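The values are calculated or read from the model by the stated rules, or taken from the named source; none is laboratory data. Remember, predicted model here, so these are calculated numbers, not experimental data. With ideal geometry, Cβ positions are generated from the backbone for all residues, glycine too; neighbour counts draw on all protein chains shown. For the accessible areas, the whole protein counts, side chains as well, though only heavy atoms, and no ligand, DNA or RNA atoms are used. Shrake-Rupley method; radii C 1.70, N 1.55, O 1.52, S 1.80 Å.
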Amino acid sequence: MEEMPPEELKRLQYRLLKTLVYRLYSFSNFYHERMRAAGVHPDDVKTLDDIAKLPFMYKSDLRDNYPDRIFTASQDELVRYHVSSGTTGKPTVVGYTANDLEIWTTSLARSLTACGLGRGDVMQVSYGYGLFTGGLGLHYGAERIGATVLPIGTGNTERQIELMQDLHVTAIACTPSYLVHLGETAERMGVSIRNDTNLRVGILGAEPWSERMRTGLQEALGIRVFDIYGTSELSGPMFTECTEQQGIHIWGDIAYPEIIDPETGEQLPPGEKGELVMTVLKKEALPMIRYRIGDVTMLDDAVCACGRTSPRIMRIQGRVDDMLIVRGINVFPSQVEHTLMGIPEVLGSAFQIEVDRRGALDSMLVRVEMSRDAFSDKITDLMRVKAKVTHDLRNSLNVAADVELVAPGTLPRFEGKAKRVIDRRVY
């Protein structure tokens, strides 16, 4: 399946799409009305390219139909619920049938195999368990490939490091910011992740992070780290990079990705940056056709050097709805991180962005921790570093930012998603 010739894969995707559209038009009031309003009938889908005729689905649709009015599985067919945090409004509820869980597990089993993991590995799952989808998804995927799972969840970092050593953990799944925190904690404990543990692989996701952060983690910890992608609406984390580390494989028999212009909704060709739209081709309880996720990325449909033929999405550069507009310029926190990771005098993984309004003008302040080696009480040294950070951010972002250097260990650390932005503007 993973090496299926591209044209054969497209034929399979078309058959799956056609079946899905007919099923939802016939049995889902939500999709039936949405298609009728768009003036499209299942018979209009004659090729895979005709997916562009179908209407989009939005996160607001899930909230407006809370908790389960979009579900197409009956209560006795459901085997699990997951619920989002609801930090930006009404929470979203995702239901799963047994087949949904099987597809989710299969997707992650393929993904973890693509990262070089398998029987004999011990995976420490440091994502949250419970309503959050991260922990359980990776748990079952790792078990499927024959790995041993340490379901430790979040928190109690010193204990996590002790168990990592005692149980000979070879892989960890967590957020990038938590792996940074874990590395710092290990250092304070006198533990070298590189020399005193068997850790060799990190599966990192749930927040934007940069290629420079990957390089920094790999060099500091002596492991390889891989990007993982998914959202609770799709099922949870589902797709990862392979050992080539050149994009995240979206298994073509499970999902169909598109990149669109977020303003016009028009499809963009491979290689152009835009908003990710996903259709899940095999999903029973909560089907997704052309779901606008809001993540900004690019698509690569060339066959990967690893031999896998499914399309790949590049590293997520931010979210359309997380994007800051400062004096008319689009700014993503990941851009700031990428710039800071290139300045050795600061700790690029520990920063905070504060946006405010002074009169009619926006102002942006970037707080960043000094590295321990560069931290100094000499004013001239601090001024030199501050000037460099200010200059590099200006060149990268095309908008001026004030810079505040703070002592190592000053800014908060996060066991879940990092909260990088404080926006104090009142509109």
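Structure notes:
- Within the range 240-256, tally of residues that are surrounded by 21 or more Cβ atoms within 10 Å (Cβ to Cβ) and either assigned to a strand (DSSP E or B) or acidic (Asp, Glu) (or both): 6
- Checked across the range 14-26, the condition of being touching a residue at least 12 places away in the same chain (Cβ under 8 Å) and of a type in the set (Gly, Ala, Ser) holds for no residue.
- Residue, modelled with the highest pLDDT, within the range 129-144, restricted to residues that are crowded, with 20+ Cβ neighbours inside 10 Å and not in a helix (DSSP H, G or I): THR133
- Being touching a residue at least 40 places away in the same chain (Cβ under 8 Å), more than 20 Å from ASP50 (Cβ to Cβ) and in contact with a His (Cβ under 6 Å, 6 or more places away or on another chain) is a description that does not apply to SER349.
- Whether a residue is more than 30 Å from GLU272 (Cα to Cα), among the basic types (Lys, Arg) and not in a helix (DSSP H, G or I) was assessed, and ARG372 passes this test.
- Each residue in the range 70-118 was checked for being in contact with a Phe, Trp or Tyr (Cβ under 9 Å, 6 or more places away or on another chain), in a loop (DSSP other than H, G, I, E, B) and either without any contact (Cβ under 8 Å) to a residue 40 or more places away in the chain or among the β-branched types (Val, Ile, Thr) (or both), and 5 pass.
- If you check ILE172, ILE228 for being under 20 Å from the mean Cα position of the chain (by Cα), over 20 Å from ARG312 (Cα atoms) and not in a helix (DSSP H, G or I), only one passes: ILE172.
- The condition of being over 20 Å from MET35 (Cα atoms) and surrounded by fewer than 15 Cβ atoms within 10 Å (Cβ to Cβ) does not hold for TYR58.
- Qualifying positions in the range 198-208 - closer than 18 Å to CYS115 by Cα and either of a type outside the set (D, E, K, R) or surrounded by 22 or more Cβ atoms within 10 Å (Cβ to Cβ) (or both): ASN198, LEU199, VAL201, GLY202, ILE203, LEU204, GLY205, ALA206
- Annotation: VAL366 fulfils all but one of (1) open to solvent by less than 40 Å² (accessible area, probe 1.4 Å); (2) farther than 30 Å from ALA206 by Cβ; (3) outside any loop (DSSP other than H, G, I, E, B); the unmet one is (2).
- Of all the listed residues (GLY120, GLY95), the sole one being open to solvent by 50 Å² or more (accessible area, probe 1.4 Å) and either polar (S, T, N, Q) or modelled with pLDDT of 95 or more (or both) is GLY120.
- Flag for LYS419 being open to solvent by 30 Å² or more (accessible area, probe 1.4 Å) and in contact with an Asp or Glu (Cβ under 9 Å, 6 or more places away or on another chain): no
- Any chance PRO6 is within 23 Å of ILE293 (Cβ to Cβ), surrounded by fewer than 17 Cβ atoms within 10 Å (Cβ to Cβ) and out of contact with any Cys (no Cβ under 8 Å at 6 or more places or on another chain): no
- Hits in the range 391-410 - residues which are surrounded by fewer than 16 Cβ atoms within 10 Å (Cβ to Cβ) and of a type in the set (A, V, I, L, M, F, W, C): ALA400, ALA407
- Check on LYS386, assigned to a helix (DSSP H, G or I) and open to solvent by 70 Å² or more (accessible area, probe 1.4 Å): yes
- All positions within the range 180-213 that are in contact with a helix residue (DSSP H, G or I) (Cβ under 8 Å, 6 or more places away or on another chain), under 22 Å from MET238 (Cβ atoms) and modelled with pLDDT of 95 or more: GLY202, ILE203, LEU204
- Residues within the range 26-49 that are surrounded by fewer than 16 Cβ atoms within 10 Å (Cβ to Cβ) and assigned to a helix (DSSP H, G or I), tallied: 11
- Looking across the range 151-169 at every residue that is open to solvent by less than 30 Å² (accessible area, probe 1.4 Å) and within 22 Å of the chain's Cα centre (by Cα), the one that is farthest from SER235 (Cα to Cα) is identified as GLY155.
- Unique residue being touching a Cys at 6+ places or on another chain (Cβ under 6 Å) and open to solvent by less than 40 Å² (accessible area, probe 1.4 Å) when the list is ALA147, ALA114: ALA114
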